[in-house]
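These notes are about the structure you will find just below.
The values are calculated or read from the model by the stated rules, or taken from the named source; none is laboratory data. Because the structure is a prediction, the values reported are computed rather than measured. Glycine also receives a Cβ, built like all others from the backbone with ideal geometry; neighbour counts cover every protein chain displayed. Ligands, DNA and RNA are stripped out before the accessible areas are found, and what is left, the full protein with its side chains, is counted by its heavy atoms. Shrake-Rupley method; radii C 1.70, N 1.55, O 1.52, S 1.80 Å.
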Amino acid sequence: MKTFIIYFITALISYIATIPPGPLSVYVVHSTLQKNIRIAILVALGGVLCESTYAYLAIEGLMIFEKYPQVEFWMQRAIIILLFGVGVFTFFQKKQEIEYEKISLNNPFFSFIKGISLSLFNPALLPFWVVVLLSYGKYDWLKITSSIQKTSFVLGAGTGTFLLVYTYAFLADRKRNLIFKYLSDERLNKLIACIFIGLALLQLVNLLVSYWRLDFQHTNN
């Protein structure tokens, strides 16, 4: 039951976090409109593989934290800075029109590779999943303690991303004007920026609370 809960919650988080459009979403929409939904799904699957890989690396990163506390000490601070930086950059990013992009890929393999390349260099993915895992650790019913739970987390991360990107492809196949109007809405950038800044502030608060507790315990002892 716990394994299913981890999978479901992770998929839901991944779905919501993917709502603001990125390069993968836009390219999938173009692929749907110019080629077909099959090509778009192959591109999406490449992006999903990359997302799942980052989720797996986040899990392994936490294992390293447990073995080397000094790494955790610096990583927690680096994550705060990175998330805050990504959030501020996204918030003040100028609105960009969704330009027409000629899709020339027909080969399934290269479509899949294109999906990987679109998600590979996203600097926010790894710290985002690390923060999610740190939050999971505070609840017994979400704390990951076994290999099958690790697998459910990784699959959940990939599933959420795939379902959202497939939603884009499905809508693009039927509502072209609607989907491009949605993708070009600058408020979505503000939304994702606030999410990243909120995550950074949450981690900062947790860090300060930890310091306060240690200081309080030291004073009492």
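For this structure, a couple of remarks:
- Cβ-Cβ contacts under 7 Å between residues 6 or more apart (or on different chains), taken from a first residue in segment 1-21 that is in contact (Cβ under 8 Å) with a residue 40 or more places away in the chain to a second residue that is open to solvent by 60 Å² or more (accessible area, probe 1.4 Å) and outside any helix (DSSP H, G or I), are listed as 2/141; 5/141.
- Candidate set: segment 74-100, residues that are at pLDDT below 70 and assigned to a loop (DSSP other than H, G, I, E, B); chosen: the one most open to solvent (accessible area, probe 1.4 Å): 94
- Residue match in segment 42-60 (condition: assigned to a helix (DSSP H, G or I), crowded, with 18+ Cβ neighbours inside 10 Å and without any contact (Cβ under 8 Å) to a residue 24 or more places away in the chain): yes
- When segment 119-137 is filtered for residues that are over 13 Å from the mean Cα position of the chain (by Cα) and either assigned to a helix (DSSP H, G or I) or buried (at least 21 other Cβ atoms within 10 Å of the Cβ) (or both), the ones remaining, listed by number, are 134, 135, 136.
- Taking segment 184-221 as the range and being at pLDDT below 75, open to solvent by 50 Å² or more (accessible area, probe 1.4 Å), closer than 28 Å to residue 122 by Cβ and not charged (D, E, K, R) as the test, the residues that pass are 191, 195.
- So residue 39, is it under 20 Å from residue 17 (Cα atoms), surrounded by 15 or more Cβ atoms within 10 Å (Cβ to Cβ) and at pLDDT 70 or above: no
- Qualifying residue in segment 25-35 (condition: surrounded by 17 or more Cβ atoms within 10 Å (Cβ to Cβ) and within 11 Å of the chain's Cα centre (by Cα)): no
- Total residues in segment 138-169, condition outside any helix (DSSP H, G or I) and open to solvent by 40 Å² or more (accessible area, probe 1.4 Å): 6
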